[in-house]
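As structure tokens, the structure follows; a few thoughts come after it.
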Amino acid sequence: MSLPVPYLSARTLTVVKKIDTTGAARVVNLGLNESWLGSAPGVVEAIREAAPNVYRYADPNCGTMRAAIGKQFNLDPARIVCGNGSEELLDAVGRVYARAGDEILFPAYSFLQFAIVAYRLGAKAVEAPLGADFSVDVDALLAAVTPATRVVFLANPNNPTGSVVPMDEVARLARELPSHIVLVLDAAYAEYVDPAEAVATFEIADHHPNVIVTRTFSKAYGLASARAGWAYAYPEVVSALNNVRGIGNVNGLAQVAATVAVGEQEFVQHVRARTTEEREYLEGELRKLGFEISPSAANFAFVRLPGAYAGWAQATVARLARHGFIIRSNEDYGLPEWLRISIADRADLDEMLGLLRIEVRAANG
């Protein structure tokens, strides 16, 4: 008996890696970049209040949610489209603007979802080389554009490296990129940098009809489970994205949660300050252990242990998981020596550092 032949093999890329924590008394997940500071004030209460209406369909246009986002960031709600996390919107961009045989371009070591979008479409995923310290080289990105390029993705800050592209360089990319190519500025970690940069990103989208800015509530707002994201673009682009997104893509409870959360900017400021404090602490302690640190502006550290034997990072992830601590290795990004560690409560970081200290001693013989 023959089976259907998939266009993509069963063994494809995935953003979330399965890690075995069997036997651990408790699990501290430092591999998904969740915010340990919880959700924004009022979110849980709003969800609880809305829960009795769960039998009703949610607003398919996310009207209240879009109005709240628009009010908070001084944006026209008609230029906002909401998604089941920003991941759905990245996928929607690909489905609207690219087809099999086209090229989707992004800097090397970018968010894995960019390549996944290309693979889903049968498009070619093209990586442009980076500069030093995982910095994005805008000239290299522009040089990689071909007649087949349809979409350019740029995560800022980037995941998994945490690197940031200066806003003047982002603006230059938008100016010099051919106007028929869509430029997606994925700002999932925007809350962890200077708020003025987020404003500048929106201004770039205001000046270039081919620019789309994507945002998420999964990180600093603490709504990872709710799956709520949004994009800002010209009305014609928003209309095209609305045509391909799911009709009820953002569930009612997620809309309520996002509507409340976006107004809690003092909480976001607190999250940004605490995350920076704990990231600097973690990176400082890792340096003492001999780790090389890649500069990160997000809610994670990106590090490697120079001189460690091949496979040390993967073996360390497995051993820490048996003690209940999940961190992420990055061989699927082509960076097998590097570890990404989400920022967390100081006590959890210290316990994890104690386990890493043992691994470092073993690696050094």
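The values are calculated or read from the model by the stated rules, or taken from the named source; none is laboratory data. Everything numeric in this text was worked out from a predicted model, so none of it was measured. Neighbour counts run over all protein chains shown; Cβ positions are idealised from the backbone, glycine included. Accessible surface areas use protein heavy atoms only, side chains included; no ligands, DNA or RNA. Shrake-Rupley method; radii C 1.70, N 1.55, O 1.52, S 1.80 Å.
Data table
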{"read-out": "Some residue of segment 211-222 being more than 13 Å from the chain's Cα centre (by Cα), more than 19 Å from residue 141 (Cα to Cα) and surrounded by fewer than 18 Cβ atoms within 10 Å (Cβ to Cβ)", "value": "no"}
{"read-out": "Pick from segment 192-207, criterion buried (at least 17 other Cβ atoms within 10 Å of the Cβ) and more than 12 Å from residue 232 (Cβ to Cβ), ranking: nearest to the chain's Cα centre (by Cα)", "value": "192"}
{"read-out": "Breaking point among (1) outside any strand (DSSP E or B); (2) open to solvent by 30 Å² or more (accessible area, probe 1.4 Å); (3) in contact with a helix residue (DSSP H, G or I) (Cβ under 8 Å, 6 or more places away or on another chain); (4) within 26 Å of residue 79 (Cβ to Cβ), for residue 150", "value": "(1)"}
{"read-out": "Residue check for residue 102: among the acidic types (Asp, Glu), open to solvent by less than 60 Å² (accessible area, probe 1.4 Å) and touching a residue at least 12 places away in the same chain (Cβ under 8 Å)", "value": "yes"}
{"read-out": "Scan of segment 77-89 for residues that are on the phi < 0 side of the Ramachandran plot, of a type outside the set (Ser, Thr, Tyr) and either open to solvent by 80 Å² or more (accessible area, probe 1.4 Å) or assigned to a helix (DSSP H, G or I) (or both), ordered by number", "value": "77, 78, 79, 87, 88, 89"}
{"read-out": "Close pairs from segment 58-69: first assigned to a helix (DSSP H, G or I) and among the small types (Gly, Ala, Ser), partner at pLDDT 95 or above and open to solvent by 20 Å² or more (accessible area, probe 1.4 Å), Cβ under 6 Å, at least 6 apart", "value": "67/77; 68/259"}
{"read-out": "Candidates 76, 139, filtered to the one that is of a type outside the set (A, V, I, L, M, F, W, C) and farther than 26 Å from residue 195 by Cβ", "value": "139"}
{"read-out": "Segment 20-68 - residue that is within 30 Å of residue 314 (Cα to Cα), β-branched (Val, Ile, Thr) and open to solvent by 30 Å² or more (accessible area, probe 1.4 Å) and, of those, farthest from the chain's Cα centre (by Cα)", "value": "22"}
{"read-out": "Single residue of segment 256-271 satisfying the filter (in contact with a Gly (Cβ under 9 Å, 6 or more places away or on another chain), open to solvent by 20 Å² or more (accessible area, probe 1.4 Å) and part of a helix (DSSP H, G or I)) that is nearest to residue 84 (Cα to Cα)", "value": "260"}
{"read-out": "Selection count where residues are assigned to a helix (DSSP H, G or I), open to solvent by 10 Å² or more (accessible area, probe 1.4 Å) and either in contact (Cβ under 8 Å) with a residue 24 or more places away in the chain or not polar (S, T, N, Q) (or both), scope segment 296-316", "value": "1"}
{"read-out": "Residues of segment 118-145 satisfying the condition of being open to solvent by less than 50 Å² (accessible area, probe 1.4 Å) and either touching a strand residue (DSSP E or B) at 6+ places or on another chain (Cβ under 7 Å) or charged (D, E, K, R) (or both)", "value": "118, 123, 125, 126, 128, 130, 134, 136, 140, 141, 144, 145"}
{"read-out": "Boolean, residue 337 is surrounded by fewer than 18 Cβ atoms within 10 Å (Cβ to Cβ), of a type in the set (Asp, Glu) and under 30 Å from residue 190 (Cα atoms)", "value": "no"}
{"read-out": "Residue 293 surrounded by fewer than 20 Cβ atoms within 10 Å (Cβ to Cβ), modelled with pLDDT of 95 or more and aliphatic (A, V, I, L, M)", "value": "yes"}
{"read-out": "Residue within segment 136-145 that is closer than 24 Å to residue 31 by Cα and not in a helix (DSSP H, G or I) present", "value": "yes"}
